[in-house]
Amino acid sequence: MSIPVLALEKVRKAFGSEVVLEDISITVPEHTATVFIGASGSGKSTLLRCINLLEQIDDGVIRLDGQDISDVSVDPDEIRRKLGMVFQSFNLFPHMSVVENIILAPMRVHGKSRDEAIVEALELLTRFGLREKAEQYPDRLSGGQQQRVAIIRSLAVKPRLLLLDEITSALDPVLVNEVLSTVRDLKEHGMTMLLATHEMGFAKQVADEVCFLEHGRILEWGKPEEILENAKKSQTKEFLKRVHEAGRL
Amino acid sequence: MNQEVGRGSENSSDSAPYSFGGAWQPSAIEIERRIARKARSRKNALVATASSIVVLGTLLSIIITSPGWKTLSETFFKWAYGFEVLPKIILGFGANLFLTVIAATSVAFFGLILALVRTSRSPAITPFRLLATVYVDVFRGIPMLLIILLVGFGIPALRLQGVTNNVFILGIMAVIITYSAYVAEVIRSGILTVHPSQRAAARSLGLSNMQTLRYVVLPQALRRVTPPLLNDLVSLIKDTGLVSILGVTDAIRAAQIESSRSFNYTPYVMAAGIFLLVTIPLTRYTDRTLRKSIERQNAQGLA
Ligand SMILES: Nc1ncnc2c1ncn2[C@@H]1O[C@H](COP(=O)(O)OP(=O)(O)OP(=O)(O)O)[C@@H](O)[C@H]1O
Ligand SMILES: [Mg+2]
C-alpha cells in the first residue's frame, strides 16, 4: 500500500487544562476527501490548525507524505507551502485585488515571476468562472465569490493537501451551493482534502470518509452512508438529529 | 433600482430582459420627484445663505463697533506693518518646514521600528521590546517643551567632545525623540487591529513571518492609521515652533524679535496666518481621508 498523504497518530492537543483533541488517528490517502463533522467546539478547527502547524500538538505524530511534520526540527513555513488552507472568513487580503491575492504566494514563496504567476492565476480564475473579477477588490465580491477566490488562492501553490474549515458557514444558502460545487469540482480532479463542515448533504457527496468528532475524540468514522444514515453511536445519531432539525440535511 | 422601474414602465420599447440601455426614460412620478427635490435643495441653500449673513454680520458689527476695537486693531492687525515684516517671518517659517520634513521622515522611520519591536513576539526581541515599552511610556508622558529644554540645554552642558552645540540639530533631535513615541503607538494600534485570521491566512500560504508583516499586516495597518498619522503631522508642524525657545530663528522667533522691537503684536498674527495657511488644508485633507477610510471599513463590514 502506498504512503497516505496525511496520517495522524494519537494526536492530542490541550489549551491549558482544557483537552481539545484526544487520541486522534486518521489516514488520508491520495485523491480522497475526509470530512469532519461534529458540534460547535468539538475541535474541528483546532485539528485543521494543528495539521497546518498553526497550533502545536501536545502528543502524537502528524505525517505528511510519510514525513513527521510534528518533529521540532521541521520548518513550519516549509510544510505550509505544501498545504492549502481556507478558513471560515477573513481569508482574502482586503488591500489587494483578486489577482494580487492569488499571485502573492506563488511570487513571494515559490519564486515565480509576476507574469508567470498572473498567467496561472487567470487560468484558475477562468476555470472557476471568476475571470471577470480578477481586478476587483474583495469587498466588491459576494461572500461566495470571496470563498471561491480563497480556494483558488490556495490552489495556486499546487498543494498536496487542501484543508477547508467550514468554508460555507458564513454564507447564506444560495451562495453555499456555488462554493460547494467548486469543492466538488476539485474532488473530481483528484485533490486530496480534509474538510470540516456543517453541511451534511455536501459531506455525503464529496466525502470518502466521514469522522464524527465529539469533545475532541473521534467517536465514529466510516463511509458517508454508514455514518450519516446508519450511525451506530447514540451521540452521532443525536447530533445528526439536531442538524436535521436545524434544516441542514 | 431606477432601472427596475424603467423596465416595467410602458414606454420601454426595448424588451430584452437585462438590457438597461438607453431605452429607459424616467417615469412621470420620478420626474415629479426630481423637480420637488430640486426645489427643496434650492430652498435649503437660500435658508443657509440668509442665516449665515445674519449671524456673521451681527457678530462682525458687534466687534467693530465695540469701544476697544480701535486699540485692538492697532495692536494686532496693523496690516501695513505686518506686510513689512512678513518676509522675515516667512524666512523663519522656512526653518519650521525644514524641521518638519527632517523630523517627519525620521519619526516615520523610528516610530515604525518601535511599533514593530513592540508588536513582535519573537523571543530574541524580548529585551528590546521591554526597552521600547519603557521608551514610549516615558516620552509620551513628558511635555515636549521639557524634552526640548533638556536636550537643547542639557546636552551642551555636558561639554562632550564631538557632540554638537547646534541648537537647530538639538531641537530636531528633541522633536524626533518625542514624536517617535507618539507615532509608534499609533502604528502599533494599527497593527493590532488587523484581524488575526489575516496572519493565519498569510502563514497558511507559506509566507514567512517577515513576509506576512510586509505584504499583509503592515499595508493594512498603515492604511488604517493614515488619518491619525496626518493629525500628528499637523501637530508636528505646529510643535516645531517650540524649538524657538532654544533660539532657533523660526517663524515664531522671527515674529518675537520684530514684536519686541515695535511693541506691536501684528507679527505674531502674521506668523499665525502662515501656520494656518499650511495646517488648514492639511486638516481638511485629513478629514477627507478619515471619511474615506471609514467608508471603506464599513464596506468591508457589509461584505
Ligand atoms: N486559542 C485557543 N485558546 C483556548 N482555547 C481554544 C483556542 N482555540 C480553540 N479553543 C477551544 O477549543 C475547543 C475547540 O474549538 P474549535 O474551534 O476547534 O471547535 P470547532 O469544532 O471548530 O467549532 P465550530 O464548529 O464552532 O467552528 C473550544 O472549546 C474552544 O473554546
Ligand atoms: Mg471551527
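The values are calculated or read from the model by the stated rules, or taken from the named source; none is laboratory data. In this text the structure is predicted, and so the values were computed from the model without any measurement. Cβ coordinates were reconstructed from backbone atoms using ideal geometry, including for glycine residues, and neighbour counts include every protein chain displayed. Accessible surface is based on the protein model in full, side chains and every heavy atom, while ligands, DNA and RNA are left aside. Shrake-Rupley method; radii C 1.70, N 1.55, O 1.52, S 1.80 Å.
Label-to-label distance for B:Lys43 and B:Ile62 is 3.0 nm, based on points extended 7 Å past Cα in the beta-carbon direction.
Each principal axis of the Cα atoms in the stretch B:100-248 has its own extent, and those three values, largest first, are 55, 32, 24 angstrom. Note on B:Thr164 and A:Lys233: their simple-model spin labels are 7.2 nm apart, each label 7 Å out from Cα toward Cβ.
Over all other residues within a Cβ to Cβ distance under 15 Å of B:Leu114, the charged ones net out to +1, with Lys and Arg as +1 and Asp and Glu as -1.
Protection proxy ranking for B:50-62, B:241-253, B:159-171, B:207-219, using the average of other Cβ atoms within 10 Å per residue and placing the highest first: B:241-253, B:207-219, B:159-171, B:50-62.
Between the residues B:Leu149, B:Ser180, B:Ile191, the greatest Cα displacement towards the positive end of the dipole of chain B, with unit charges on the Cβ of Lys, Arg, Asp and Glu, is found for B:Ile191. Only the Cβ atoms of Lys and Arg (+1) and of Asp and Glu (-1) were treated as charged; on that basis the dipole of the stretch B:88-290 about its Cα centre amounts to roughly 560 debye.
Solvent-accessible area per residue for the protein assembly as shown at a 1.4 Å probe radius, Å²?
Result: 54 Å² of accessible area for each residue.
Ratio of Rg to Rh for the stretch A:113-157: 0.95 [Cα atoms; Kirkwood radius as inverse mean 1/r over pairs].
Solvent-accessible area of chain A (1.4 angstrom probe, protein heavy atoms only): carbon and sulfur portion equals 47 percent. For A:His215, the accessible surface of its heavy atoms amounts to roughly 150 Å² (probe 1.4 Å, protein chains only, rounded to the nearest 10).
Cross-link partners for B:Lys70 among the lysines, with Cα-Cα distance under 22 Å and sequence neighbours closer than 8 places in the same chain left out: B:Lys78. For the set A:Lys187/A:Lys223; A:Lys158/A:Lys187; A:Lys44/A:Lys223; A:Lys10/A:Lys44, every pair lies no more than 25 angstrom apart at their alpha carbons.
Taken about its Cα centre, chain A carries a charge dipole of roughly 280 debye when the Cβ of each Lys and Arg holds +1 and the Cβ of each Asp and Glu holds -1. Taken over chain B, the alpha-carbon convex hull comes to 232 cubic angstrom per residue. Chain B packed on chain A takes about 2000 Å² of accessible surface away from a 1.4 Å probe, both sides summed.
Farthest towards the positive end of the charge dipole of chain A, among the residues A:Pro29, A:Pro224, A:Val179, is the Cα of A:Val179, using unit charges on the Cβ of Lys, Arg, Asp and Glu. Straight Cα distances below 17 angstrom link A:Lys204 to the aspartates and glutamates A:Asp165, A:Glu166, A:Glu178, A:Asp185, A:Glu188, A:Glu220, A:Glu225, A:Glu226, A:Glu229, with same-chain residues fewer than 8 positions distant left out.
Structural descriptor for chain A: relative contact order 26 percent, calculated from alpha carbon pairs under 8 angstrom and at least 6 residues apart.
Of all beta bridges DSSP finds with both residues in chain A, what is the antiparallel percent, to the nearest 5? So the antiparallel bridges amount to about 55 percent of the total. Here the extension length gained between B:Arg121 and B:Leu145 equals 5.2 nm, from 0.36 nm per residue of separation less the Cα-Cα distance.
Between A:Arg160 and B:Glu84, what's the calculated FRET efficiency when r is the beta-carbon distance and R0 is 51 Å? Round to 0.05. Plugging the Cβ-Cβ distance into 1/(1 + (r/R0)^6) gives 0.05. Each Lys or Arg adds one and each Asp or Glu subtracts one; over the other residues with Cβ under 13 Å from the Cβ of B:Thr133, this totals +2. Each DSSP beta bridge with both residues in the protein assembly as shown is either parallel or antiparallel, and the antiparallel ones are about 55%. Of the solvent-accessible surface of chain B, computed with a 1.4 Å probe over protein heavy atoms with every protein chain present, carbon and sulfur atoms account for 67 percent. Note on chain A: percent of Cα-Cα distances in each 5 Å bin, starting at 0 and stopping at the bin with the largest distance, equals 1, 6, 13, 17, 19, 17, 13, 8, 4, 1, 0, 0. For the stretch A:148-178 versus the stretch B:76-118, the inter-centroid distance based on Cα atoms is 52 Å.
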